[in-house]
Amino acid sequence: MQLKPSAAPSRAGTGRAKAILRDDRRAAFWFLLPSFLGLAVFLLLPLAASLALSFTNWQLIGQSKFVGWRNYVNLLTIDPSFWQILRNTFHFTIEYLVLNIVISLTMAVWISNLRWGKRFFRLIFFLPTFTPLIGSAIVWLLIFTPGGFADWFFSALHLPIPNLLTSPDLAIQAIVIVSLWSGFGYNLLLFGAALEAIPSTYLDAAAIDGASSWQRFWKIKLPLISPTLFFGTVMTAITSLQVFDQVYALTRGGPGSATATLGFSIYRTGFAAYKMGYASAIAWVLFVIIMALTILQLRVQRRWVHYDL
Amino acid sequence: MDILKNAARLAAAAGCALVLSTAARAEPVTLTWFMWSGSDAEVAAWKHVAGLVTEKYPDIKIEFQTASWPDYWTKLPALAASGQLPDIISLQSMRTPGFANLFEPLDAYAKKDSFDLAAFDTSIIQGLTDDGGLRALPYDFGPMVMFYNQDMFQKYKVEEPKVGWTNDDFLKAAKALTVDGNYGTAQSVPDVFFAYARSAGANYLKDGALDLTNEPLKAAFQSYVDVVAKDKVAPLFPASGTPSGAQANGRFVAGSVGMYVDGPWSLINVKDSVKFKVGIAPLPAGAAGSISLSAGSGFGISSSGKHKDEAWKAIQVLTGPEAEEYLASNGRAFAARNAQQKFWYESAAKGVANAQPTIEAALKTAEPYKTTAEWNTVSQLFEQYAPLAFAGSQSAGTTLDQIQQLSTQ
């Protein structure tokens, strides 16, 4: 009953508001259209096309026909190399992700505590990130090649480490080393910026209360940079699941299938064997894996990421 | 008004003249030509040959497009799939089974113009032919031969390879040269291995299909990898972005490997980039003799092209006597035309020990390098899996089983 008197003006108000909203929507539509068209033509359409392709046996040359789920069934049941490739991909992702986050976080904390040279060190460690990996991988190839610098180095230290590139058990470590070298600088910069943003009053207050530097790190710094840490972890996980350049330039998936990853396998199936339909099926399996892991990470983050500063 | 009338008359006259002149001449055509190349010198040579076409047919201009060797085989099917295939495309004999249907069969064209195919070496004509007919006119070919560092042989007083030498001679020389940080030889896969297997009496095809799992082939592969794994007289090449053949070539050119197998098409580049004297010899004889595999390349007409007749005219010039003489004299090609091969001996093979007797002996017993449609996959799988056998991590037989299974799945 109390609402009644105000009902009339408010109805007029909502009418005007609706009109404004309609105008806004129209304007927004026209402003968004160009980028939406770009998204549709260059992202959604190819995505749909690759999904459609994954149900065909298209081989680039010649006719293709619809084969239903056969590519997926072959991949998951018959293909002798798929499970090995999946294992390699997860092995690489887990090892690389953990090492990358640990190393970049440790270095970021170390650099943020320096009195001088912060910018210098950040620049130095960031350099590999904007060096084209495909080029630097060739230098790494010369380092790792049998009888090369790495072999000389290990033997000079009397370490019983065989040649990385020709050992099926250790070849993936070469990929991890090169990836770390080229990739940790990005996270280092990210975490460094987050650490700088922590208000010094929190740390000063904790210090006055008698918290050790170890406690200040675990109880204050880490929770406060947890959103950035989460972002870095998710992005690193996605890029490491897609790993390709290093494998392509350094080992071509070898020796045997020791370093063949999903990203490399898509390339080899599509552009060396010309089986585009099958390659699309592998790409969609990779898409589903990345999607699932990212959703999992988003779920789990509630337990350890703090957005309130 | 008079001025206007005169102008109109002039325009009409000019129009007539234009119509007449175009009627007298054929419509000018620009043909696109896609060919692999590895250096600026090669590109310059191809552009020169393209110029010969315009010289003979002023209405045909050629636009040269290029890519590196491995990229060429990725781009070609991609261009075909997107309907952008150039008018003239290049084909290597080993890829004939896989790519033949992109190429217009040339038999009808050759018959119509009574074009003389007998002027070319027969093995390369065979190599560029599939069930549908001849797919390209060849410009070069050649058998694989053993390249050797003559200075290294002389320094360590090892007898040089010669026509009639055997596998035992080869191993003895390789062992004698493996001193002072150098290796006697370099083993690449798969092409050189298949020639080795043929010389050992084994075969890698059965009824035209890939057959890597037969026992004689496995035995041949084991003895091929043992040169690296057991005898250790050849470097171990990792699977990498650089194919094993290119790694072998790199080591040889650097002077740290005494011998390696390659085709005559590589001789000019090798000779120009080494600081020592180079010799060539036929492949060492195995149980079945010295059997090399010969391969070569040529130019064909895109089956989806709009200017097929002009392209046919153009490829006749690109592989004609004048072009072949130019390419052979520059060492770019061991000519597919028999009459022009002498120019290659006078240029690329100049100063190379035993060049002419070696090529002639090798050609006598060489077979065309036969392949299957999935050859690109077979090649890549060999590069990827053979290092396991070379390193001794697994047997040669198991490696061949894996490659067979993965390439025919």
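The values are calculated or read from the model by the stated rules, or taken from the named source; none is laboratory data. Treat the numbers as computed from the prediction; the structure is a model and nothing was measured. Glycine gets a Cβ as well: all are built from the backbone with ideal geometry, and neighbour counts include every protein chain shown. When the accessible area is computed, the model is the full protein with side chains, heavy atoms only, and any ligands, DNA or RNA have been set aside. Shrake-Rupley method; radii C 1.70, N 1.55, O 1.52, S 1.80 Å.
Residue separation of A:Leu159 and A:Arg302 scaled by 0.36 nm, minus their Cα-Cα distance, works out to 47.1 nm of gained length. Label chain A by shape, choosing from rounded, prolate and oblate, from the square roots a ≥ b ≥ c of the eigenvalues of the Cα gyration tensor; if a/c is under 1.5 it is rounded, and otherwise prolate applies when a/b is larger than b/c, oblate when it is not. Oblate. In this calculation the C-beta distance from B:Ser273 to A:Thr129 is compared with R0 = 45 Å, giving a FRET efficiency of 0.80.
For B:Gln84 and A:Leu170, what is the calculated FRET efficiency with R₀ set at 60 Å and r taken between the beta-carbons, to the nearest 0.05? Once rounded, the FRET efficiency stands at 0.85.
Take every DSSP beta bridge whose two residues both sit in the protein assembly as shown; close to 65 percent of them are antiparallel.
Scalar couplings 3J(HN,Hα) for segment A:34-44, obtained by applying the Karplus form with A = 6.51, B = -1.76, C = 1.60 to θ = phi - 60°, are x, 6, 5, 4, x, 4, 5, 6, 9, 10, 5 Hz; x denotes Gly and Pro. Taking a ≥ b ≥ c as the square roots of the eigenvalues of the Cα gyration tensor, the protein assembly as shown is classed as oblate, since a/c reaches at least 1.5 and a/b does not exceed b/c. Placing dummy labels 7 Å off each Cα toward the beta-carbon, the span from A:Phe120 to B:Glu360 is 7.1 nm. Springs join every pair of Cα atoms under 10 Å in this Gaussian network model of chain B, and among B:Ala333, B:Ala200, B:Ala80 the largest mean-square fluctuation is at B:Ala80. Near B:Thr178, the amide H atoms lying under 5 Å from its own belong to B:Gly184; only residues 5 or more places off or on other chains count, and H is placed 1.01 Å from N. Extending 7 Å from Cα along the Cβ direction at B:Val43 and again at B:Glu63 yields two label points whose distance is 1.6 nm.
Helices meeting the span-like rule in chain B (full DSSP H runs, Cα extent of at least 24 Å along the helix axis, mean Kyte-Doolittle score of 0.5 or higher): B:2-24.
For segment A:135-172, a decrease in accessible area of 30 Å² or greater in the assembled protein chains relative to the isolated chain, with a 1.4 Å probe, applies to A:Leu141, A:Pro146, A:Thr166, A:Pro168.
Computed over chain B with a Gaussian network model linking Cα atoms closer than 10 Å, the most mobile of B:Ser223, B:Ser347, B:Ser240 is B:Ser240.
Highest GNM mean-square fluctuation among A:Leu32, A:Leu141, A:Leu44, for chain A modelled with Cα contacts below 10 Å: A:Leu32.
When only Cα pairs below 8 angstrom with a gap of at least 6 residues are kept, chain A shows a relative contact order of 26 percent. Our estimate of slack between A:Thr77 and A:Trp218, defined as 0.36 nm per intervening residue step minus the Cα-Cα distance, is 46.1 nm.
The separation of segment B:228-294 from segment A:282-297, counted between C-alpha centres, amounts to 45 Å. Close amide H contacts of A:Thr56 (hydrogens built in the peptide plane, cut-off under 5 Å, sequence separation of 5 or more or a different chain): A:Val67.
Excluding same-chain neighbours fewer than eight residues apart, the lysines reachable from A:Lys219 by a Cα-Cα span under 26 Å are A:Lys118.
Only lysines eight or more places from B:Lys277 in sequence, or on another chain, were considered; those with a Cα closer than 20 Å are B:Lys155, B:Lys157, B:Lys162, B:Lys350. Put a dot 7 Å past the Cα of A:Ile290, heading toward its Cβ, do the same for A:Val139, and the two dots end up 2.8 nm apart. With contacts taken as Cα pairs under 8 Å at a separation of at least 6 residues, chain B carries a relative contact order of 24 percent. Where in segment A:212-256 does the label zone of A:Ile198 land, with the point 7 angstrom along Cα→C-beta and an amide N cut-off under 14 Å? From segment A:212-256, the list is A:212-229. The phi-based Karplus calculation (6.51 cos²θ - 1.76 cosθ + 1.60; θ = phi - 60°) puts the 3J(HN,Hα) values of segment B:292-306 at 9, 10, 10, 9, x, 9, x, 10, x, 9, 5, 5, 9, x, 8 Hz, whole numbers, x for Gly and Pro.
Once the Cβ-Cβ distance of A:Ala40 and B:Thr54 is raised to the sixth power relative to R0 = 51 Å, the FRET efficiency obtained is 0.70.
Computed over segment A:41-107, relative contact order equals 16 percent, with contacts defined as Cα pairs under 8 Å that lie 6+ residues apart.
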